[in-house]
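Note sheet for the following structure.
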Amino acid sequence: MADKKLRIGFFVDVFFPMIDGVVVVIDNYAKRLSETAEVIVFAPSARNHNYIENRPYRVVRSQKIMVMGLDYDLSMPFMDLKFQKELAHANLDIVHIHSPFGIGIIGINYAKKHHIPVVGTIHSQYYRDFLQKTKSHKVAELMNKQVISIYNKCDECWTVNQTIIDLYRGFGIKKPMLIHKNATDFEPLPQDRDMELRKQLAITEDDHIFLFVGRLEIVKNIYFLLDALISLHQSGIKFKMLFIGTGPETDEIKTRISRHGMEDIVLMLGRVEDRMLLARYYRLAELFLFPSLYDTNSLVQIEAASQKTPTVFLEGAATAALVINRQNGFLSPDDPEQFAQLITNILADKNLYAQVSEGCFRDLYRPWNDTVKGISLRYRQLVASYALKK
C-alpha cells in the first residue's frame with residue numbers, strides 16, 4: 001500500500017471558474033495530493049464555455065442547469081451519460097465528497113458500489129443557508145434532515161472545529177467526526193507600508209484601513225458590516241474600507257454606500273484573482289472585519305492572519321471557535337454600534353493591537369502542506385482498513 005499511488009476522487013457541486021471557500025480548499029488539497037497521488041475532481045461544467053482547465057490534476061465535468069437569480073448551478077450528473085462513463089472508468093481507491101447534493105450523492109453511490117471508503121467534509125451551516133433562502137423553519141429543517149442523511153452514508157465526516165462537530169451531532173450525524181483544519185497558501189510578506197497600493201487607492205496618512213474578502217451575500221452578514229461602517233463614519237473616524245469579492249448583493253451594497261455619501265471611503269474592488277496582490281491587500285489592512293455567523297472556519301481569516309492582520313468577529317460565531325478575545329482576535333457583541341465602538345477602541349490601544357497582531361499569526365496561521373499531510377495519511381488508513389475487509 002505504501003508504494004501504490006492512491007486514486008482519489010473529489011466530488012463537489014461548485015468549482016472553477018466560480019471561486020468560494022470550498023473551491024479554494026479542494027484546489028489546495030488536489031494540487032498537493034497530486035504530487036504523490038492521482039486526483040480527479042468531479043464537478044459541474046463551467047458557465048463560461050471558453051473556460052480552459054489548467055490544473056495539475058484531472059477535472060471531469062457534469063451537465064448542470066442554471067438557476068435564475070443565483071450564481072450557483074444545479075448539477076445533473078445522473079442525466080449525463082458522458083460523465084457517468086468517465087466515472088465508471090475512474091478506478092478510484094477513495095471518494096471524498098465536498099457537497100451533500102447531486103455530485104456528492106453520486107460519489108457516495110460510486111463508493112458503495114465499488115466497496116471503497118467515502119469521506120464527507122461539512123463545509124457549511126446548511127440549515128442557516130436553507131432558512132435564509134426559503135424563509136421557512138419547517139422547510140429548512142426538512143432540507144437539513146436530507147443533508148444529514150447523506151452525510152450519515154459516509155464512513156466518517158470531517159470538519160474544521162469542535163463547534164461544528166457539536167452542531168452537527170445535534171442535527172443527527174452518527175458517523176465518526178474528525179477535525180481537519182483549514183489553511184492558506186499565503187506566506188508572510190515583509191511588513192512594509194506598500195506605498196504603491198496606498199497611492200492607487202488614494203489612502204492618506206490619516207486613514208485607517210479595513211478589509212473584507214468574500215462573497216457579497218446576505219449570509220455573510222454584509223449589511224450588519226455596512227451599518228457598523230456608517231456608524232464609524234458618523235463618529236468621525238477617518239478610514240478606507242476595502243471590499244474584495246462579488247456576489248448577489250453587490251449592486252445593493254453600492255446603492256447604500258452612495259446613499260450615505262461614502263463612495264470615496266468604501267471601495268468596491270471586485271474579484272482579485274492575483275494571489276500575491278490579494279496578500280498585499282491583507283498586509284495593507286489594519287483590521288479584517290468579518291461579522292459572519294454562517295461560516296464554519298473561513299479561509300479569509302487565516303489569510304489575514306498570515307499577514308499579521310487581526311480579525312474582528314462576532315461573539316458566538318462558529319468561525320471564531322479558535323479565537324481568544326484580545327489574544328489572537330477580537331470578539332464583538334452582535335450589534336453594529338458596538339462593533340463600530342470596538343474598532344474605535346482597538347485603534348486607540350496600539351500595544352493591544354500589536355499583541356493581537358502577533359497572536360493571530362502565531363495561533364491562526366497554518367500552511368496547507370501541514371493540513372494535507374494529515375489528510376493523506378488518513379486516506380491511506382481508510383483504504384488499508386477496507387482492504388482488510390476484502
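No lab work stands behind these numbers, since they all come straight from the coordinates. The model shown is predicted, which means the values in this text are computed figures rather than measured ones. Cβ atoms come from the backbone with ideal geometry, glycine included; neighbour counts cover every protein chain shown.
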_Per DSSP helix of 4 or more residues, -39500 (n - 2.57); summed, then divided by the residues of the chain. What does that give at 222 nm, rounded to the nearest 500?_
-13000 deg cm²/dmol
*DSSP beta bridges in the stretch 24-142, what fraction antiparallel, as a percent rounded to 5?*
25
*For Leu178, what is the net charge nearby, where nearby means another residue's Cβ is under 15 Å from its Cβ and Lys, Arg count +1, Asp, Glu -1?*
+4
*Two decimals is fine: what is log10 I(q)/I(0) at q = 0.10, 0.20 Å⁻¹ for the stretch 273-390, from a Debye sum with one equal scatterer on every Cα and no solvent?*
-0.38, -1.07
_Helix 137-151 axis, angle to the chain major axis (alpha carbon atoms, nearest 10°)_ = 50
*Within the stretch 167-240, which GluC sites (Glu not before Pro) sit in a loop by DSSP and count at most 10 neighbouring Cβ atoms inside 10 Å?*
Glu205
*Report the trypsin sites (Lys or Arg not before Pro) located in the stretch 1-103 that are in a DSSP loop and have at most 11 other Cβ atoms inside 10 Å of their Cβ, or state none.*
Lys4, Lys5
